[in-house]
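The values are calculated or read from the model by the stated rules, or taken from the named source; none is laboratory data. Quick caveat, the model's predicted, so the values are computed rather than measured. Cβ placement follows ideal geometry from the backbone for every residue including glycine, while neighbour counts extend to all protein chains displayed. For the accessible areas, the whole protein counts, side chains as well, though only heavy atoms, and no ligand, DNA or RNA atoms are used. Shrake-Rupley method; radii C 1.70, N 1.55, O 1.52, S 1.80 Å.
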Amino acid sequence: MSADPKIVELLSELHQLIKQTQEERSRSEHNLLNIQKTHERMQTENKTSPYYRTKLRGLYTTAKADAEAECSILRHALDKIAEIKSLMEERRIAAKMAGMYSDSDPPRKTMRRGVLMTLLQQSAMTLPLWIGKPGESPPPLCGATPASSDYVAKQGDKVAARVKAVDGDEQWILAEVVSYSHSTNKYEVDDIDEEGKERHTLSRRRIIPLPQWKANPETDPEALFSKEQALIHAPPHRPQDDYSVLFEDTSYADGYSPPLNVAQRYVVACKENKKK
């Protein structure tokens, strides 16, 4: 299979940005070394003269400008990565839809559970970390921040969907959006665990979009579920950490199983329907 020319082009641009980042970092190291040496001389002489104050002011001004330049390149690189992932997702959806409506292809086999779990873990690991500018609040769908009331999930988006099981009980499943009808305000979604076999038509209130960014516990703790909220045993403490989550299990005396690690990607808030 030949590589997608557009993706190859974007990857080349990303490579150049990574090189620029390294060049910018190497260029700024000399100035940072000067700052360190100036502080060491001040400590040796045990004085802060006007000369040193003026020199440090200039050095720190340069260091700040260097850091901002490197930050700008890194943000550009992150945007490029997001563009590549979006394009790859478009290609995946197009291939899926083409296979779905092709009569010549053999029926698709259900994905093995082990393969599915690996893909879900990879999806959680590659979920981008939200890195806002100073004073900028996390956007909707960052960590525990819910989507806006008028948000409509796109084709291919992963969502939590409330469906009726074979026995009539309702349950939450992980699903992928196939389409959304603005005339009926309903989604068509596929059950991830039974791709190509289980399709559900559901109203918006039965759909919860999954986070599109991880929240950084060190800078945006308010964008995470707290320990005080139901079933959260412990929130993440570092960007790479998972939640520790309790699960209802009647086989245990307290009604809950021991806590399990769950990635931010798969932790959402839902309102249970009250039976009348």
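Quick one: which residue in Ile18, Ile81, Ile73 is surrounded by 12 or more Cβ atoms within 10 Å (Cβ to Cβ), of a type in the set (A, V, I, L, M, F, W, C), in contact with a Leu (Cβ under 9 Å, 6 or more places away or on another chain) and modelled with pLDDT of 95 or more? Show your work before the answer.
Numbers: Ile18 fails: in contact with a Leu (Cβ under 9 Å, 6 or more places away or on another chain); Ile81 fails: modelled with pLDDT of 95 or more.
Result of the check over Ile18, Ile81, Ile73: Ile73.
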**Prompt:** Of Leu59, Leu74, Leu32, which residue is touching a residue at least 24 places away in the same chain (Cβ under 8 Å), hydrophobic (A, V, I, L, M, F, W, C) and either closer than 30 Å to Arg92 by Cα or touching a strand residue (DSSP E or B) at 6+ places or on another chain (Cβ under 9 Å) (or both)?
**Reply:** Leu74
**Message:** Being open to solvent by 30 Å² or more (accessible area, probe 1.4 Å), out of contact with any strand residue (DSSP E or B) (no Cβ under 7 Å at 6 or more places or on another chain), under 30 Å from Pro259 (Cα atoms) and without any contact (Cβ under 8 Å) to a residue 60 or more places away in the chain is the requirement here; does Asp150 meet it?
**Reply:** no
**Prompt:** How about the stretch 31-84: which of its residues are in a loop (DSSP other than H, G, I, E, B) and on the phi < 0 side of the Ramachandran plot?
**Reply:** Lys47, Thr48, Ser49
**Message:** From the list Met88, Met125, exactly one residue is loosely packed, with under 14 Cβ neighbours inside 10 Å, in contact with a helix residue (DSSP H, G or I) (Cβ under 8 Å, 6 or more places away or on another chain) and at pLDDT 85 or above. Which is it?
**Reply:** Met88
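Counting residues that are in contact with a Lys or Arg (Cβ under 6 Å, 6 or more places away or on another chain) and in contact (Cβ under 8 Å) with a residue 60 or more places away in the chain, which strands (runs of 3 or more DSSP E) fully inside the stretch 165-276 reach at least 1? Talk me through it step by step, then tell me what you get.
Details: elements: 170-181, 186-191, 199-203, 207-209, 232-234, 243-245, 260-262.
Output list reads 170-181.
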